[in-house]
Amino acid sequence: MQEINMRNYAHLGDAVWELFVREHIVDLCQKPKDLHRMTTERVNSEYQANMLNLIESELTEIEEEIKRRARNMEVPVARRNNQSEYRQATAFEALLGYWYREDKERLEYIFEKLLREILK
């Protein structure tokens, strides 16, 4: 499969992460307002940057390179308040997008590691 650019991996990874979060919190509560709150608490740059920190020690050389390239992309003007956090979240999303396209088994492994965190 042909590699896509980092921004596209991040775009795909953002959707993969949100679906993963929604899929696992939907059973935790019944009220739409609570579901929305729980989702937005987990689908944001601060939370995603923290998720990257949890898995960083397990990244392969190729994954480190993807993280580095995604983290070093230009930051949109609207996101410049907390560049470091936004860059980390983008790197996390790019990794998820990469794994989704290239290595679903690795994606499942990472999701298993992060599942406890999203259910808190």
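The values are calculated or read from the model by the stated rules, or taken from the named source; none is laboratory data. None of the values given here were measured: they were computed from a predicted structure. No Cβ is skipped: glycine too gets one built from the backbone with ideal geometry, and neighbour counts run over all protein chains shown.
Of all residue pairs spaced 6 or more apart or on separate chains, those with beta-carbon atoms under 7 Å, a first member in region 1-27 that is at pLDDT 90 or above and a second member that is surrounded by 15 or more Cβ atoms within 10 Å (Cβ to Cβ) and not in a helix (DSSP H, G or I) are Met6/Met73; Arg7/Met73; Trp17/Val43; Glu18/Val43; Val21/Val43.
Restricting to helices (runs of 4 or more DSSP H) lying wholly in region 1-58: which have 2 or more residues that are more than 20 Å from Arg106 (Cβ to Cβ) and of a type in the set (Asp, Glu)?
32-42
Looking only at region 2-13, decide whether some residue is among the aromatic types (Phe, Trp, Tyr) and over 17 Å from Pro76 (Cβ atoms). So far as region 2-13 goes, no, none of its residues is among the aromatic types (Phe, Trp, Tyr) and over 17 Å from Pro76 (Cβ atoms).
Being among the small types (Gly, Ala, Ser) and surrounded by 12 or more Cβ atoms within 10 Å (Cβ to Cβ) is not true of Ser84.
What do you reckon, is Ile110 of a type outside the set (D, E, K, R), under 28 Å from Asp34 (Cβ atoms) and in contact with a Lys or Arg (Cβ under 7 Å, 6 or more places away or on another chain)? When the stated conditions are applied, Ile110 does not pass them.
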